[in-house]
1. 5 Å is the cut-off here: which amide hydrogens, built 1.01 Å from N in the peptide plane, fall below it relative to Phe193, excluding neighbours closer than 5 in sequence?
2. May I ask which residue of Pro195, Ser183, Gln287 lies farthest towards the positive end of the charge dipole of the chain, with charges of +1 (Lys, Arg) and -1 (Asp, Glu) on Cβ and the Cα centre as origin?
3. If you take the Cα Rg of the chain and divide it by 2.2 N^0.38 Å, with N the number of residues, what do you get?
4. Given labels modelled 7 Å from the Cα in the Cβ direction, how far is it in nm from Arg111 to Arg242?
5. How many Lys pairs in the chain lie less than 29 angstrom apart by Cα atoms, where the lysines are 8 or more positions apart or on different chains?
6. Per DSSP helix of 4 or more residues, -39500 (n - 2.57); summed, then divided by the residues of the chain. What does that give at 222 nm, rounded to the nearest 500?
7. What does the convex hull of the Cα atoms of segment 240-339 come to per residue, in Å³, rounded to a whole number?
8. Stretched out fully, how many nm does the piece from Asn250 to Arg341 gain, at 0.36 nm a residue minus the Cα gap?
Amino acid sequence: MKIQPMFAAFAAALMSLSAGPAQAQSDMSFDAYLQLLTAQARAEGVSESTLQRMTAGLQPNYRVIELDQDQPGSPNRSGYPPLAPYIARHVDNARISGGRDAFSRYSGTLRAVEQEYGVPGEIITAIWGHETAYGAVKGGFDLSQALATLAWEGRRRELFSTEWIALMKVADKGYSRNELKGSWAGAFGNPQFLPSVYLRLATDGNGDGRADIMNSGADALASIANYFRDAGWRTGQPWGVRASVPAGFNVAAYRTEINAPICERVHERHSVYKTIGEWRELGVQPQRAMPNDTLATLFQPDGPGSPAWLLTSNYRVILEYNCSNYYAMSVGLLADEIAGR
């Protein structure tokens, strides 16, 4: 019996579905690929009503594809942009003032969150400030459209198809499509979580039974703290401190030789880990009190004669949020400003 072409196409789509949406053909139409994604979400328990409202009228957003393809690559090995101008732009008076205001406004919540999760309130507030300007800029892309577009386009299909299905599960908790807006890459809410991160770590901070990181500052702050605790934040240890380095000290002689599996380009600029006591013996002095047995890496991003820092393992936790020394340093320094250090 001869198989009709339409039936053959449908059979091929079913075979792709059985392997998961990440295996769908790159030349498939958007509508056909969306049917596969929808079927996978349905198989994972998402309700039919949620799927209907989250896919109604869905078409690809080519602006999202442009933004994805326009992402810069890794810096070449000739050097890195200096840190100081970045810090001047991202730890400015407006962000410091906004952070101190938010820290004061949510002081009760932050005290409770710090007690429960062990993460300092100023660090949580600094993340909030860097991600969404304390809730003012959360992104306006339809997340269902953006993630479906990126999954269909195919460059990072496995990532974005997984995130689209996770978004359907978030929507199934009762959030409207209009609430589920964010960045073109799928991050959303006050802390800019991806949907899969929301499902794993979003937390109810105000006791109303929901982890509403879109509309509740308390939920957002508790969720950021939960993220940091999950990433290994060590209570009572600073992220890092400014350090004085002797004239002529060769920081490069102590560069780490460890190949980090994640953020390789970030970690290769750090020194080996030594105790604060060992750094002191080499003439490197922390400018705030630090126990001698604390392990730290030396970081002097703008070269000899420029500011240097001794960074603890908590700095690496900040890097878990965003794999960039520029980001992590600006978060730490903004947190210090918010706390008045």
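None of the figures in this text is laboratory data; all of them are computed from the coordinates on show. Not measured: the values here are computed from a predicted model. With ideal geometry, Cβ positions are generated from the backbone for all residues, glycine too; neighbour counts draw on all protein chains shown.
1. Close amide H contacts, sequence-distant or interchain: Phe188.
2. Among Pro195, Ser183, Gln287, the one farthest towards the positive end of the dipole of the chain is Gln287.
3. 1.15
4. 3.0
5. 5
6. Calculated at 222 nm, the ellipticity per residue is -15000 deg cm²/dmol.
7. 98
8. In short, 29.9 nm is gained.
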